[in-house]
1. For segment 148-187 and segment 277-298, what is the centre-to-centre distance using only Cα atoms, to the nearest Å?
2. Kindly provide the pair-distance distribution of segment 124-271 built from C-alpha pairs, with 10 Å bins from 0 and whole-percent values in order of increasing distance.
3. Restricting things to Cα coordinates, could you compute the convex hull volume per residue of segment 161-223 in Å³?
4. For Ala71 and Arg131, calculate 0.36 nm times their separation in residues minus their Cα-Cα distance, and state this gained length in nm to one decimal.
5. Once you compute Rg and the Kirkwood Rh from C-alpha atoms, what is the Rg to Rh ratio for the chain?
6. Calculate the translational D of segment 27-141 in whole µm² s⁻¹ from Stokes-Einstein, where the hydrodynamic radius comes from the Kirkwood formula applied to all Cα pairs, the temperature is 10 °C and the viscosity 1.306 mPa s.
7. Do the sum for the chain: with -39,500 (n - 2.57) for every DSSP H run of n ≥ 4, divided by all residues, what is the mean residue ellipticity at 222 nm, to the nearest 500 deg cm²/dmol?
8. Taking the Cα centre of the chain as origin and charging only Cβ (+1 Lys, Arg; -1 Asp, Glu), how large is the dipole, in debye to the nearest 20?
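Every read-out reported here was derived from the displayed coordinates using simple, explicitly stated rules and does not represent laboratory data. Please read all numbers here as calculations on a predicted model, not as lab measurements. Please note: Cβ atoms are built from the backbone with ideal geometry, for glycine as well, and neighbour counts cover all protein chains shown.
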Amino acid sequence: MTNRADPIKLKMPSDKKRIAVIPGDGIGREVIAEALRVLERVETTHEVALEMVEFDWGADKFLTEGVSLPAGALEMLTSEFDAILAGAFGDPRVPSNQHAEDILLGMRRGLDLYINLRPVRLLHARLTPLRDRKTEDINFVVFRENTEGAYCGAGGFLKKGTADEVATQEELNTRRGVERIIVAAFEYARANGRKRVTMADKSNVQRFGGDLWQRAFKEVAADYSEIEANHQYVDAMAMFMVLDPAQYDVIVSNNLFGDILTDLGAAIQGGLGLAASGNIHPGRVSLFEPVHGSAPALAGQGIANPVGAILTSAMMLEYLGHKQASEAIQKAVSEAISHNETTHDLGGSLSTEQAGAAIRDRLV
């Protein structure tokens with residue numbers, strides 16, 4: 001069941017997994033509502049014990065109270081919750097998107113969620129823009145380093161606003177950060193029967209950071225002799241992901257390249273409306289969110305695709321140890337899509353709520 005509570009003063013339950021729910025802005029609220037209904041359904045069908053606690057963090061709170069991520073929020077999430085399910089953030093009333101950055105990057109960095117895990121799986125052949133592809137041709141996962149790289153915020157301006165302006169944007173790679181994301185990729189491959197891990201970089205140009213990634217990859221791969229380890233430059237990978245996506249099993253890359261590759265992956269699986277993601281630190285409270293934006297122009301029309309949010313909730317359940325329930329949700333989504341019980345963006349005629357209901361009806 002979903003309830004609301006003070007974001008700081010919460011009591012720990014004895015036997016339930018506690019989920020902090022942050023619907024966010026725009027269509028985030030609509031798709032997360034459908035994900036919550038699916039979760040409530042598996043509580044019955046698969047005897048999953050959950051307590052969902054909703055927080056109003058988003059543009060409205062930021063505009064009315066000047067608060068994005070409340071003081072003490074990270075400590076509260078760490079000590080009192082098992083996972084976080086978030087919608088999308090972004091509102092034209094906040095042109096700087098400051099609240100979104102504070103909330104999302106604040107949680108990713110503050111909770112040290114160093115793995116951005118993005119599955120890329122084709123659920124039906126009609127969804128991909130690639131010609132003559134079968135569902136088994138597009139089925140891989142991307143491990144994107146999530147806390148450093150080009151998104152670390154290092155840089156600045158010299159003579160800003162003049163004809164001589166200089167802007168620097170620096171990329172930060174640490175041995176610890178690089179090694180742990182590579183280890184995570186190989187560990188996932190080993191645990192899930194994946195046969196190949198491919199690293200994407202641009203080490204022929206970015207020689208220093210690339211050198212660190214290359215050395216760490218080779219050293220880690222040596223501990224996983226049963227798994228094939230190979231390397232591609234990121235521009236080549238972008239090409240091969242379109243020409244021959246079946247070659248990929250597990251991909252690992254830095255923050256920037258992983259961001260770009262995963263959106264390409266979403267496109268070949270059928271669009272951002274299908275894309276799920278997890279921001280994970282194994283063994284700790286982790287954040288799960290669909291990757292599409294808040295799409296404020298679409299909000300309130302009942303046309304947003306809830307599949308990405310629902311598949312994200314399935315990822316969260318697997319992380320929490322409820323693999324059967326997770327697989328049941330994925331199967332229900334696939335069946336609904338195969339029967340064209342989808343929103344308009346996937347070729348169907350259903351509303352957001354109707355598409356969510358079609359998936360719930362298949363959970364038995």
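1. If we compute the Cα centre of each part, the gap is 22 Å.
2. Distribution as computed: 11, 37, 31, 15, 5, 1 percent.
3. 115 Å³
4. Extra length available between Ala71 and Arg131 comes to 16.6 nm.
5. Answer for the chain: 0.96.
6. For these conditions, the coefficient is 93 µm²/s.
7. Here the helix-only value at 222 nm equals -11500 deg cm²/dmol.
8. Dipole magnitude for the chain comes out near 400 debye.
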